[in-house]
1. Would it be correct to say that Leu72 is touching a Leu at 6+ places or on another chain (Cβ under 8 Å) and either at pLDDT 95 or above or over 25 Å from Arg5 (Cβ atoms) (or both)?
2. What pairs come out if I take residues in region 58-78 that are under 18 Å from Pro130 (Cα atoms) and pair them with residues that are among the hydrophobic types (A, V, I, L, M, F, W, C) and surrounded by fewer than 13 Cβ atoms within 10 Å (Cβ to Cβ) whose C-beta lies under 9 Å away, six or more apart or interchain?
3. I'm checking my understanding of the structure. Among residues of region 95-140 that are in a helix (DSSP H, G or I) and among the basic types (Lys, Arg), which one is surrounded by the fewest Cβ atoms within 10 Å (Cβ to Cβ)?
4. Can you report the number of residues in region 1-39 which are surrounded by fewer than 16 Cβ atoms within 10 Å (Cβ to Cβ), farther than 21 Å from Lys77 by Cα and touching a strand residue (DSSP E or B) at 6+ places or on another chain (Cβ under 9 Å)?
5. Going by the structure shown, is Arg99 over 24 Å from Pro31 (Cβ atoms) and charged (D, E, K, R)?
6. Quick one: count up the residues across region 1-45 that are among the aliphatic types (A, V, I, L, M) and in a helix (DSSP H, G or I).
Amino acid sequence: MADTRNGPDLHPMTKELASGANFAAVSTILPSGLIQSQILWVAIKDGRLVLNTETHRKRYQNLQRDPRITVLIRDEKDPYRYAEVRGEVTEFTTGDEARKHIDEVARKYFGKDYPPEAIKSERVILWITPHRQTIIDQNVDTSD
C-alpha cells in the first residue's frame, strides 16, 4: 500500500510511527547544496511532528539557513512500513521546554531521562510542517 497526501495534516500512520520508538532518517541541506542525512529520534508533540537536537549541531545550523527537511520514519518492528514526510521546520523552541522534551523522548526510546552530561549546547525542538507525506506498507501491496 502506498498513500501520498499533500498538506500539513499528519497522516495517521505518520502519527503512529512517530509516537512509537521508531527511528527517523532526517535529511537537511548543507551550505554546499548537498544533502546531509542522520538517524534521529522523532516524536509527536501537541499533535505535531517534532525532533529535538542541539544548537551546535550541523542539522540545526542547516535548518536555520534553509528550513526544508525530509523525515523518513521506519517501523522498527517491520522495515517494510515507513512514512516519508517532506516539509519545513517552521518553529524552533529552546529553553526549559526543549530540555524537558528531550527527557520525554529519551524515556520513550530507552526508559530513562537523557543524560545531562551528554548535552553540549542548548536543546531545541524542531517543529515540522509537512508539505507532502508518502506512506508505504509493502505487506499490504508490493506493486510500488
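1. no
2. Thr70/Ile35
3. Applying the filter and picking the extreme gives Arg107.
4. 10
5. yes
6. Counting residues in region 1-45 that are among the aliphatic types (A, V, I, L, M) and in a helix (DSSP H, G or I) gives 3.
Listed here are the residues, each with its yes/no results for (1) among the charged types (D, E, K, R); (2) touching a helix residue (DSSP H, G or I) at 6+ places or on another chain (Cβ under 9 Å); (3) closer than 21 Å to Leu72 by Cβ; (4) in contact (Cβ under 8 Å) with a residue 40 or more places away in the chain.
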site	(1), (2), (3), (4)
Glu97	yes, no, no, no
Arg107	yes, no, no, no
Asp113	yes, yes, no, no
Glu122	yes, yes, no, yes
Ile125	no, yes, yes, yes
Ile128	no, no, yes, yes
Arg132	yes, no, yes, yes
Asp137	yes, yes, yes, yes
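The values are calculated or read from the model by the stated rules, or taken from the named source; none is laboratory data. None of the values given here were measured: they were computed from a predicted structure. Using ideal geometry, Cβ is built from the backbone for each residue, glycine included, and neighbour counts are taken over all protein chains shown.
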